[in-house]
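Peer 1: There's a structure below that I have some questions on.
Values quoted throughout were computed directly from the atomic coordinates according to the rules given, and no laboratory measurement underlies them. Being a predicted model, the structure only gives us computed values, none of them experimental. No Cβ is skipped: glycine too gets one built from the backbone with ideal geometry, and neighbour counts run over all protein chains shown.
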Amino acid sequence: MASAESEGIFSRIGTVITKTRNFVLNTLFVIILIAIIAGFFTSSGSAPVPDKGALVIDPRGILVEERTFSNPLDNLWNFNYDILEAELGEITRAIELAENDSQIEMIILDLEGLGNISLAQGDRIIDALLQFKNSEKTIASYANGYMQSHYYVSSVADELYLNPMGSLMIDGFGGSNLYFKDFLDRYGFEAHVYRVGDYKEAVEPFIRNDMSEESKEVNMRMLDKLWAGFSEKIEKHRNLESGSINRYGVGFAEELKKTKGDFARAAIENNLVDELLTWDQARVRFGERVGFQEDETINSIDYQSYLLSQDPDISFSSDKVAVINIQGPIFLGSEGMGATSADTAIQLIREARRSEEVVAIVVRVDSPGGSAFASEMIRLELELAQIDGIPVVASFASVAASGGYWLSATSDYIFAEPNTVTGSIGVFSVLFTAEKAASNIGIQTDGVATTPFSQVNPFTKPNPQLSEVLQLSVEHGYNQFVELVARGRGLERDLVTPIAQGKVWLGTEAVENGLADDLGSLPEALNKAAELAQSENWSPLFMKKPIDPRDAFLAELLKTARVGSIVPETVKNIVSLSELDELIYQVKQSSKLQALCDVCVLGLR
């Protein structure tokens, strides 16, 4: 009787679960169906380009080489999921199209919605804007407040306006790391570090309480060069005396005293902006130039709508130059937000080299590195393409260091941008143990083993044999890295050693010391790849991981339901949670060699 009663209970529970599941699935189906129908009725195609109007460059989110897309359900609890991304190539493409478009009279820059812009990214936008100015058209910029990197780009404008209540503070370049040695000692943890080279800074926070002199030297050298280039460009754009920007940055407190704390007044008195205007005043100023629409908004179009309004650039060239992006930390496994999976990169390279249309490959690198093994797997696939007779050209964006440089080292030709952070030729490994922490609470470890390596655990200090093995492994990885660079760059090993050891270089220095062949961006890399392939009739083929239409639709559906799409900005040069999470993940892989650019990850950018 009890058994029959139990069966009845379980049967009723099963029925409830089945009905609930059917209800949820049916409800989801109805919601999706309504969204599709609504899309049909609300879609009106691309916005028309206004006649004699303005093109508004108003990107939002983080500036990237390529937008990240991953399964939306997998990312529901991902901290980074709500971060918007803006593709750098879309911005420059819109500016280039507007240059020869008789319907576009001027460009209005509105960069406040962007996160920090690297100097290399800023240089690409500036180059496009300068070309636009050569067509005798006007560029204007407006902001309630200028971040330093936004001002760097906006300084090229013919008319630069700031809100009277706004601010413009040029705070220079710098940053600091957190150091954990005392913390680890206090609580009984120990970091066992294995590395080669005096300049591999990523491990210093675990073994020191301050930055080493070697790290200070390389960081300060790089920052001084970045600061000099940054200042000179702004001074040139704004017709300022040499040294003006440095004096303003260093003596900002004194400048603010003169204006009794008025940031905006300090900016205009130092000729950093042309006029202080509220947005309403600026809107009228722009409207006087290009007119107003019926709803009294400026006669303008945003850059994304402008791109949608253009006829697609359809090429019937039989030869294709494949472009493959390597972006963010490099690792083994599935895709992650703003990172590169070796599996995906290898799949794309393999598809390119097996295609009868692809005559060359350009690998666009914007990465501080990560797993040395993952980087080598990608490099090997690129080398297989070269063996098949397909030239490979590397194009460096903001960062191409450590593992990012590793995978590029044997390319046929390497382009760096002037402010690309590159090099960092070095590897390391870290093993954390907590034997002291365990002992402090009365826990001891003991056991037996047939070899010195069969009793490794986090509560036992690595024995001399294990430490020797890990150090030899790191040295072998470093030697591999140096030999790859020597072979790929056609240099003697003795010439590579002084520029290796984890040292970081800017793009201009990379060309001087042989780590790169020339300065240039993606267009130059594409032309060089076609030249090496001896192709005169070619077109670029941007290769991306195929997106499941179902996932794309679901992502769009979830996107409309999100509230607050941009995570609030943190103070510049402080390590973000995503970067710290990635670093911790990399360090946890203690059995694997890491080729990770410390300067790029830990803050001194």
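Peer 1: Provide the per-residue ³J(HN,Hα) series for the range 325-333, in order, calculated from phi with Karplus coefficients 6.51, -1.76, 1.60 and θ = phi - 60°, each as a whole number of Hz, with x at glycine and proline positions.
Peer 2: 8, 10, 10, x, x, 9, 8, 8, x
Peer 1: Shifting gears a bit: Can you give the Kirkwood hydrodynamic radius of the range 426-513 from its Cα pairs, in Å with one decimal?
Peer 2: Over the range 426-513, the inverse of the mean reciprocal pair distance is 16.2 Å.
Peer 1: Continuing with the same structure: So if we plug the beta-carbon distance of S355 and D158 into 1/(1 + (r/R0)^6) with R0 = 56 Å, what FRET efficiency do we get, rounded to 0.05?
Peer 2: 0.80
Peer 1: Still on this structure, I have one more. What FRET efficiency do you get for E524 and K260 if R0 is 45 Å and r is their Cβ-Cβ distance, rounded to the nearest 0.05?
Peer 2: 0.35
Peer 1: Structure shown: which of K216/K436; K320/K503; K137/K233; K137/K236; K181/K461 lie over 25 Å apart, alpha-carbon to alpha-carbon?
Peer 2: In this structure, K216/K436; K320/K503 lie more than 25 Å apart at Cα.
Peer 1: Please report, to two decimal places, log10 I(q)/I(0) for the range 98-200 at q = 0.11, 0.19, 0.22, 0.25 Å⁻¹ as given by the Debye formula with identical point scatterers on the Cα atoms and no solvent.
Peer 2: Taking Cα atoms of the range 98-200 as identical point scatterers yields -0.54, -0.97, -1.19, -1.36.
Peer 1: Tell me which residues come under 5 Å, amide H to amide H, from D302 once H is placed; ignore anything under 5 positions away on its chain.
Peer 2: V56
Peer 1: Moving on. What does the highest-first list of 510-520, 131-141 look like by mean Cβ count within 10 Å?
Peer 2: Ranked by mean Cβ neighbours within 10 Å, highest first: 510-520, 131-141.
Peer 1: Next question, about the same structure. Need one number: nm distance between label points at S305 and I443, each 7 Å from Cα along Cα→Cβ, rounded to one decimal.
Peer 2: Distance between the two pseudo-spin positions: 6.1 nm.
Peer 1: Hey, with R₀ at 45 Å, roughly what FRET efficiency would S454 and F183 work out to, going by the Cβ-Cβ distance, to 0.05?
Peer 2: 0.90
Peer 1: Could you tell me which GluC sites (Glu not before Pro) in the range 154-216 are loop residues by DSSP with no more than 10 other beta carbons within 10 angstrom of their beta carbon?
Peer 2: Here no loop site has a sparse enough neighbourhood.
Peer 1: Could you check the spin-label model distance between T20 and K236? Points 7 Å from the Cα along Cα→Cβ, value in nm.
Peer 2: The two pseudo-label positions are separated by 6.6 nm.
Peer 1: Further question: Going by average Cβ neighbours within 10 Å, how do the peptides 283-296, 342-355 rank, with the highest at the top?
Peer 2: Ranking, from highest mean packing down: 342-355, 283-296.
Peer 1: Per residue of the range 292-305, what does 6.51 cos²θ - 1.76 cosθ + 1.60 with θ = phi - 60° give for ³J(HN,Hα)? Whole Hz please, x for Gly and Pro, Karplus curve as stated.
Peer 2: 10, 8, 4, 8, 6, 7, 4, 5, 8, 9, 6, 5, 6, 5
Peer 1: Would you mind putting 525-533, 485-493 in packing order, based on average other-beta-carbon counts within 10 Å, highest first?
Peer 2: Result, highest mean Cβ count within 10 Å first: 525-533, 485-493.
Peer 1: Taking amide H positions as placed in the peptide plane 1.01 Å from N, state which residues far from V323 in sequence (5 or more) or on other chains have amide H under 5 Å from it.
Peer 2: Amide H to amide H, under 5 Å and 5 or more residues apart or across chains, V323 pairs with V362, L541, F542, M543.
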